[in-house]
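Student: Attaching a single structure in structure tokens format; questions to follow.
The values are calculated or read from the model by the stated rules, or taken from the named source; none is laboratory data. All figures in this text were calculated on a predicted structure; none of them were measured in a lab. Here the Cβ is made from the backbone with ideal geometry for all residues, glycine too, and neighbour counts use every protein chain on show.
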Amino acid sequence: MDLTVTNLACARGGVTVLERVSFGLSGGAALILRGPNGIGKTTLLRTVAGLQPAVAGEISMPPEAVAYAAHADGLKATLTVAENLAFWAAIYGTDRAPHAIQRMNLAALADRQAQNLSAGQKRRLGLARLLVTGRPLWVLDEPTVSLDAASVALFAEAVRAHLAEGGAALMATHIDLGLAEAEVLDLAPYRAETPAGAEPADDPFAGVTA
Amino acid sequence: MIALLLRDLRLALRAGGGFGLGLAFFLLVAVLVPLGVGPEPATLAKIAPGILWVGALLACLLSLDRIFALDHEDGSLDLLATAPIPLEGVVAVKACAHWIVTGLPLTLVSPLLGLLMNLPAEGYPLLLASLAIGTPALSVIGTFGAALTVGLKRGGLLLSLLVLPLYVPTLVFGAEAVRRGALGMDVATPFLLLGGITAGVAALLPFASAAAVRINLR
């Protein structure tokens, strides 16, 4: 499991936000992305996950390696916790749903509908989905939003176990997870340089209002 | 893929899934038209094939925007796009689920409504057959329209405008098959064209829908 990103540039809404980003990540390692709001952390993660094309540069990794988790948890409100996880387990062809329920401390909630969970419980269920996928590279966007201290510790423990099994994690987060082994990448130096006031070149309406 | 189909069906049947919406609309159309047009049996028999087909088509249209909108809102669509099943398969399964939830029940209740519309006896098997063959095309084309408008807030109007012209051939040949059948004429031509449209869109449009979803996820 090796992820290599070389000279990557990625864009949000047609505007290049990050340029010349290069890093490597191998099995057993975690990389935490830092940077102010709007710098392009989510954009970078979506590009690595393959949800949007890179403007320039290369991403190399084994096929079907990524398990992606974003702000939205992808839960169905009228399905129970167990049904939500069983669905993703069937999609990924694994039988790890019971294991994930155990791991994220969801056993007591297994028969509750997702709409009756609190925000933090939903988040835990969303993260349990990662365990179900069995994919080696976790790409996580703000995974700890709305988690309490105990759940953050539970999540950090799950990440640590994932790394110990040879997996890797790439995440954007503002809080300290207490993962001593994780490296930190500050994205500020990679901010794309746009000339002052420049609009995207292909904007047909540029200058119309001037 | 089977898991996705079962999940979509289960979601449709649970509270707020919108299962009965299209069916209720179809029933209302068939009940209200005789009240509006008047009880003249000859008039009703004449317009029955067209009204039933238009009703089925509009009932299908009602639930189209739900095909991808809900999955897009809660993030499932992003996750499905990174899942091991191809997006072409995902959209094909979603079209199939939409047909089972709307097209199939519409087809099954249509003879009952034909009775309300005073459809001539020869028309019933043809009404069933033409809806069974034609409604899958409505779901597949509708899924394509939903894929084009996924991510747009209040995209329902745009979706209807995009999809309605594409529905016209299915409507024309479907209603024509029933009308000719009711008059005892040969129905082979409209049936073959109806089947051809369904087979063609089912083979081609999932690829177009998947491409549209990919672009809209960016």
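Conditions tested, residue by residue: (1) among the charged types (D, E, K, R); (2) touching a Phe, Trp or Tyr at 6+ places or on another chain (Cβ under 9 Å).
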{"site": "A:Gly14", "(1), (2)": "no, no"}
{"site": "A:Leu31", "(1), (2)": "no, yes"}
{"site": "A:Leu51", "(1), (2)": "no, yes"}
{"site": "A:Val55", "(1), (2)": "no, no"}
{"site": "A:Leu79", "(1), (2)": "no, yes"}
{"site": "A:Glu83", "(1), (2)": "yes, no"}
{"site": "A:Ala86", "(1), (2)": "no, no"}
{"site": "A:His99", "(1), (2)": "no, no"}
{"site": "A:Met104", "(1), (2)": "no, yes"}
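Student: Out of all the residues in region B:13-49, which are more than 21 Å from B:Gly134 (Cβ to Cβ), in contact with a Leu (Cβ under 9 Å, 6 or more places away or on another chain), in a helix (DSSP H, G or I) and without any contact (Cβ under 8 Å) to a residue 60 or more places away in the chain?
Tutor: B:Val37 - this is the single residue of region B:13-49 that is more than 21 Å from B:Gly134 (Cβ to Cβ), in contact with a Leu (Cβ under 9 Å, 6 or more places away or on another chain), in a helix (DSSP H, G or I) and without any contact (Cβ under 8 Å) to a residue 60 or more places away in the chain.
Student: For region A:110-121, name all the residues that are crowded, with 19+ Cβ neighbours inside 10 Å and closer than 12 Å to A:Leu85 by Cα.
Tutor: Correct list: A:Ala114 only.
Student: Filter region B:73-121 down to the residues that are assigned to a helix (DSSP H, G or I), within 14 Å of another protein chain (Cβ to nearest Cβ) and surrounded by fewer than 17 Cβ atoms within 10 Å (Cβ to Cβ), then identify the one that is modelled with the lowest pLDDT.
Tutor: B:Glu73
Student: Among the residues of region B:52-65, are any at pLDDT below 90, assigned to a helix (DSSP H, G or I), in contact with a Gly (Cβ under 8 Å, 6 or more places away or on another chain) and small (Gly, Ala, Ser)?
Tutor: There is no residue in region B:52-65 that is at pLDDT below 90, assigned to a helix (DSSP H, G or I), in contact with a Gly (Cβ under 8 Å, 6 or more places away or on another chain) and small (Gly, Ala, Ser).
Student: A:Ala169 fails exactly one of the following numbered conditions: (1) surrounded by fewer than 19 Cβ atoms within 10 Å (Cβ to Cβ); (2) touching a strand residue (DSSP E or B) at 6+ places or on another chain (Cβ under 6 Å). What is the number of that condition?
Tutor: Failed condition: (1).
Student: Tally up the residues in region A:48-77 that are more than 10 Å from chain B (Cβ to nearest Cβ) and under 18 Å from B:Arg218 (Cα atoms), please.
Tutor: 7
Student: Would you confirm whether or not region B:58-72 contains a residue that is within 11 Å of chain A (Cβ to nearest Cβ), in contact (Cβ under 8 Å) with a residue 60 or more places away in the chain and buried (at least 17 other Cβ atoms within 10 Å of the Cβ)?
Tutor: Within region B:58-72, one or more residues are within 11 Å of chain A (Cβ to nearest Cβ), in contact (Cβ under 8 Å) with a residue 60 or more places away in the chain and buried (at least 17 other Cβ atoms within 10 Å of the Cβ).
Student: Additional query: Tell me which of these A:Pro53 doesn't satisfy, since it passes every other one: (1) of a type outside the set (Ser, Thr, Tyr); (2) in contact (Cβ under 8 Å) with a residue 24 or more places away in the chain; (3) closer than 22 Å to A:Val15 by Cα.
Tutor: Every condition holds for A:Pro53 apart from (2).
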